[in-house]
Amino acid sequence: MFTGIIQKMSKMILKNNNIIIDNVFENVDLGESIAINGVCLTVEKIENNKLFFSMGEETLSKTNLKYYNYKIVNLERALRVSDFLGGHIVSGHVDGVIKFLNIRKSHNTYWMKFKFPDEKWAIIEKGSISLNGISLTIAKKDLDSFEIQVIDHTYKNTNLKYLKMNDLVNYEIDVIAKYLKNIINQGPK
């Protein structure tokens, strides 16, 4: 489990469906979970100050990692029981990718617009969403798109600053919304 508060960034190298990043953390253990652009992956090897991860078929088909060779990715270590939950609950189980549409700046705010995901029911104003692993609040929504409001710190310390129009971004719907939707769909027993 993660919080969506990005801790570090690193350039990612992709080789034969394996990810290699610089070890930018202290005391990383084999088998540890690290979210890369919001995707929960397992450290399989540590060598020469590099971390190695494998991507399964689901990860390859549902995420943007296959497009991030030699690009900067967001990183977050898994939440420990004693850690502060500064964002929202993020599982690291990405639901898919959506398109980045545009950005505009107003004073100290970046307004970033994205295409709706397939789960339109989950996009509500003031609701939570994870984009490239970042815990964000949905500020506005239209018929087929929504906007997030990003402060300067988040913009400068995540890979949002590198997005170009039509880039694909990983998204994860709020896990509580998923469970509620499932309960409602099953109805009374």
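Any read-out appearing in this document is the output of simple, stated calculations on the displayed coordinates, not a laboratory observation. None of the values given here were measured: they were computed from a predicted structure. All Cβ positions, even for glycine, are placed from backbone atoms using ideal geometry, and neighbour counts span all protein chains on display.
The number of residues in region 135-172 that are touching a Phe, Trp or Tyr at 6+ places or on another chain (Cβ under 9 Å) and assigned to a strand (DSSP E or B) comes to 15. All but one of (1) surrounded by fewer than 16 Cβ atoms within 10 Å (Cβ to Cβ); (2) of a type in the set (A, V, I, L, M); (3) touching a helix residue (DSSP H, G or I) at 6+ places or on another chain (Cβ under 9 Å) hold for residue 151, so report the exception by its number. With respect to (1) surrounded by fewer than 16 Cβ atoms within 10 Å (Cβ to Cβ); (2) of a type in the set (A, V, I, L, M); (3) touching a helix residue (DSSP H, G or I) at 6+ places or on another chain (Cβ under 9 Å), residue 151 is out only on (3). Inspect region 130-147 for any residue being among the aromatic types (Phe, Trp, Tyr) and farther than 19 Å from residue 14 by Cα and give the result as yes or no. Yes. All conditions but one from (1) in contact with a strand residue (DSSP E or B) (Cβ under 6 Å, 6 or more places away or on another chain); (2) without any contact (Cβ under 8 Å) to a residue 60 or more places away in the chain; (3) not small (Gly, Ala, Ser) apply to residue 81; the one that does not is (1). Look at region 150-164: where a residue is over 15 Å from residue 4 (Cα atoms) and a partner is not in a strand (DSSP E or B), sitting 6+ places away or on another chain with Cβ atoms under 6 Å, you get 152/108; 161/155. The requirement of being surrounded by 14 or more Cβ atoms within 10 Å (Cβ to Cβ) and in contact with a Phe, Trp or Tyr (Cβ under 9 Å, 6 or more places away or on another chain) is satisfied by residue 103.
Please go through region 27-51 and pick out each residue that is part of a loop (DSSP other than H, G, I, E, B) and under 16 Å from the mean Cα position of the chain (by Cα).
Applying the first criterion (part of a loop (DSSP other than H, G, I, E, B)) to region 27-51 yields 27-32, 37-38, 43-44, 48-49.
If the condition is that a residue be part of a loop (DSSP other than H, G, I, E, B) and under 16 Å from the mean Cα position of the chain (by Cα), then 37, 38 are the ones that fit.
On the stretch given as region 4-26, residues that are part of a strand (DSSP E or B), surrounded by fewer than 17 Cβ atoms within 10 Å (Cβ to Cβ) and polar (S, T, N, Q) total 1.
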